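Enquirer: I am attaching a structure below and will ask some questions about it afterwards.
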Amino acid sequence: MKKALLLLLLALPVQAYLQTTGAKKSTDAPVTLVCKIIDGPPNAMNIFVYEKFGLATREIARGQRQEDGSYVATLPGGEPRVYFVGFNDVQTTPIILGKEKNLTLWANAQYMEKGRTVGSEINKAYENLRKGAEQLRLQGEELYNEQRDARVRNDAAAIQAAREKFKAHNEAKANFIAELKKTQPMLWRSATLLLWPDDVSENATPASIVDFYAREFFAYANLADPGYEQVPEMFDAFQNYVAFLQQLGAPADQIKKGLETHLAKLPKGSMAHRRAFGGAIKGLQNANHQDLVVFTQRYIEAFKNNDLGDVAILEAEMRRTSTFTPGMLVPDLVGATPKGDTLSLLKHLKGKYVLIDFWASWCGPCRRENPNVVALYKKYKSKGFDVFGVSLDRDREAWIRAIEQDGLTWSHISDLQGWRSEHAALYSVSSIPQTVLIDPQGRIIQRNLRGEQLAEKLREIFGE
């Protein structure tokens, strides 16, 4: 689940967006956006304007290719807000659209995130904000490395010097945000999410440094402020939070607790909350964090009544990958037995520890493993252990004959479809033998235990 959870984004036309969100069509004059793209896809007839909600993306408009190779899009006018322009919803450049009626965007298709506008004061300010925040972050990384090296050397003078530099750096960041708050009322909140304070305590330890950042990462931002509702950097901020804490070596439980604490500050169900939650999930995915499934389930529950495409995608991916994730409930397996009866895994064996065994009569490794499973079945059957065989056979007689020859006296099902087996597809089985060990509640303990590993796990559960 952790690595497989691909957060695919959904795009819908502006009409669907207006219908879904209940937004009203603007009565302001329309905005014309001209896109001058270098090295664009030679056959691309359209460029797209998106609005991003974290894990979900809506297509707002399309810019048609002109004879001179540029692309022209027309959007409803209105209050300025951040949109994203690109040939897809991954490689995009952010741009503020609304009040200015005519804008020109220049970009290289290979580096869309570095696109620049012409003749737009608000976009120039936004570009400078992002550039300034990036420079401050890079300076902070250099100072952190300098401080870390000084601590490794146990050089008191160098440690103190780095600490003083960090104090000045914190002041520079605070001044950067304060100046933006005075001059750019629409933009300054973005800076509070792109920057975070640094630990300048005198006797910092690795543990105390992690504690500081886990607690103070969002210190520049008042997350309860409703002004953050239309700030897309909320997604990046929570993604960066996970990445930064992991880089510092924070324990998984501390990252989880920190996310829960900071997410709770946001108005529940708001767009700011949705973006932050989505950023947390993306960060956990990138970190291969053990609690990714937990946060994904919470996200689905929080936004299932306002699905923008993200919820459906996450639900589908959860179902597809659930059989790989310890702690997840397994889907039921219902199929025909060798005698032609219908048998359900969860109805028949619930309350026992069960090894779901995907195998086939023609599978040599499966047949060689069978004696080991038979021995463990005999040893632990009386203690609540059972086996549920799921065959990828096509030949019914060969399946039954292998059961008898190998002494597999437990329950079996097969749809006799070989590699087209619906049972195998349900559990994402692409090779055999494969096993899934589940607990009496039907939750996954571990996948692909065989041989001594299976014996050791059963000793751990049942004792000798």
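Here, each number is a calculation from the coordinates, and none is a lab measurement. The shown structure was predicted, so the numbers you read here are calculated from the model rather than taken from an experiment. Note that we place each Cβ from the backbone using ideal geometry, even for glycine, and neighbour counts take in every protein chain shown.
Enquirer: Over the Cα atoms of the chain, what is the Rg over Rh ratio if Rh follows Kirkwood?
Expert: 1.08
Enquirer: Still on this model: Stretch Ala178-Gln139 to full length: gain in nm at 0.36 nm per residue minus the Cα-Cα span?
Expert: Full-extension gain reported as 12.2 nm.
Enquirer: For a paramagnetic label modelled at 7 Å from the Cα of Gln417 toward its Cβ, which residues of segment 315-342 fall within the zone defined by backbone nitrogen distances under 17 Å?
Expert: 320, 331-337, 342
Enquirer: Would you work out the relative contact order for the chain, in percent, from Cα pairs under 8 angstrom that are 6 or more residues apart?
Expert: 12 percent
Enquirer: Residues of segment 28-43 with backbone nitrogen within less than 12 Å of a virtual label 7 Å along the Cα-to-Cβ line of Asp68, please, listed as ranges.
Expert: Answer for segment 28-43: 34-37.
Enquirer: Go ahead and estimate [θ] at 222 nm for the chain from helices alone: -39,500 (n - 2.57) per DSSP H run with n ≥ 4, summed, over the residue count, rounded to 500.
Expert: One gets -14000 deg cm²/dmol as the mean residue ellipticity at 222 nm.
Enquirer: Taking 0.36 nm per intervening residue step and subtracting the Cα-Cα distance, what contour gain separates Lys268 from Val118 on full extension?
Expert: 50.2 nm
Enquirer: Let me ask you something else. Rounded to a whole number of µm²/s, how large is the Stokes-Einstein D of segment 14-119 at 10 °C and 1.306 mPa s, given Rh as the Kirkwood radius over C-alpha pairs?
Expert: 114 µm²/s
Enquirer: Holding the Cα-Cα limit at 21 Å, pick out from Lys124/Lys282; Lys304/Lys347; Lys52/Lys173; Lys124/Lys182; Lys52/Lys257 the pairs that are longer than that.
Expert: Lys124/Lys282; Lys304/Lys347; Lys52/Lys173; Lys52/Lys257
Enquirer: For Ala252 and Glu397, what does the FRET efficiency come to when R0 = 35 Å and r is the distance between their Cβ atoms, rounded to the nearest 0.05?
Expert: About 0.10, to the nearest 0.05.
Enquirer: I would also like to ask the following. Could you tell me, in Å, what Rg and Dmax come out for the Cα atoms of segment 233-330?
Expert: Over segment 233-330's Cα set, Rg and Dmax evaluate to 13.1, 37 Å.
Enquirer: Taking 0.36 nm per intervening residue step and subtracting the Cα-Cα distance, what contour gain separates Gln453 from Asn372 on full extension?
Expert: Value of the extension gain: 28.1 nm.
Enquirer: Considering only DSSP beta bridges with both partners in the chain, what is the antiparallel share in %, to the nearest 5?
Expert: Just about 70 percent of them are antiparallel.
Enquirer: While we're looking at this one, here's another question. In degrees from 0 to 90, rounded to the nearest 10, what is the angle of the helix 271-286 Cα long axis to the longest principal axis of the chain?
Expert: With rounding to tens, the tilt is 60 degrees.
Enquirer: Another one. Output wanted: per-residue J couplings in Hz (rounded whole) for segment 319-330, from phi through Karplus 6.51 cos²θ - 1.76 cosθ + 1.60, θ = phi - 60°, x for Gly and Pro.
Expert: Karplus-based 3J(HN,Hα) across segment 319-330 equals 5, 5, 9, 4, 6, 9, 10, x, x, 7, 6, 7 Hz.
Enquirer: If you build the Cα gyration tensor of segment 334-462 and take the root of 5 times each eigenvalue, what three semi-axes come out, in whole angstrom, biggest first?
Expert: Over the Cα atoms of segment 334-462, the ellipsoid semi-axes are 21, 16, 14 Å.
Enquirer: Could you compute the net charge surrounding Ala125? Neighbours are other residues with a C-beta less than 14 Å from the C-beta of Ala125; K and R count +1, D and E count -1.
Expert: +4
Enquirer: Mind running the shape call on segment 103-144? Use the C-alpha gyration tensor, a ≥ b ≥ c as the square roots of the eigenvalues: rounded below 1.5 for a/c, prolate if a/b tops b/c, oblate otherwise.
Expert: Note, shape of segment 103-144 comes out oblate.
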